[in-house]
Amino acid sequence: EDLKMSLEKIIAPTLILWGSKDDMVPEKHAHILHEKIKNSTLVIFPGIGHNLNTQIPEKIAQETIKFL
């Protein structure tokens, strides 16, 4: 289901965290989210896969705290 039109309705500040080596959802999708969600911040982690929270929990926490 294509939800791109719904993304434009999001007005809350949004943090998008993505691994550049995500083999489940390609990085291009992160850029689409960032483009469609007006008040978004995108952080790409080089060399990291899909499970950011288990691979780099400290970096995820740092980015979240910085965003908040």
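A few points about this structure:
- Surface composition of the chain: carbon plus sulfur atoms hold 57% of the accessible area, using a 1.4 angstrom probe and ignoring ligands, DNA and RNA.
- Estimated 222 nm signal from helices in the chain, with DSSP H stretches of n ≥ 4 weighted -39500 (n - 2.57), rounded to 500: -11000 deg cm²/dmol
- Stretch in the chain that is longest and holds no GluC sites (Glu not before Pro) that DSSP places in a loop and that have at most 16 other beta carbons within 10 Å: 9-68
- Accessible area per residue, Å², the chain with all protein chains present, probe 1.4 Å: 73
- Whole-Hz ³J(HN,Hα) from phi, Karplus 6.51 cos²θ - 1.76 cosθ + 1.60, for the range 20-27, glycine and proline x: 5, 9, 5, 9, 9, 9, x, 4
- In sequence order, calculated HN-Hα J values of the range 7-13 (Karplus, 6.51, -1.76, 1.60; Hz; x Gly/Pro): 4, 5, 7, 6, 10, 6, x
- In sequence order, calculated HN-Hα J values of the range 48-64 (Karplus, 6.51, -1.76, 1.60; Hz; x Gly/Pro): 9, x, 6, 8, 4, 5, 9, 8, 9, x, 5, 5, 4, 4, 4, 5, 5
- Relative contact order (percent, whole number), the chain, Cα cutoff 8 Å, 6+ residue spacing: 36
- Each pair of Cα atoms in the chain enters the Kirkwood radius, and Stokes-Einstein at 4 °C and 1.567 mPa s then converts it into a translational diffusion coefficient of 103 µm²/s.
- Charge dipole of the chain (Cα centre as origin; +1 on each Lys and Arg Cβ, -1 on each Asp and Glu Cβ, all else neutral): 200 debye, rounded to the nearest 20.
- Amide H within-cut-off set for Ile48, under 5 Å, with H built and near neighbours excluded: Ser20, Lys21
The values are calculated or read from the model by the stated rules, or taken from the named source; none is laboratory data. None of the values given here were measured: they were computed from a predicted structure. Don't worry about glycine lacking a Cβ; one is built from the backbone with ideal geometry, like all the others, and counts go over all protein chains shown. To get the accessible areas, we keep the full protein, side chains included, count just its heavy atoms, and leave off ligands, DNA and RNA. Shrake-Rupley method; radii C 1.70, N 1.55, O 1.52, S 1.80 Å.
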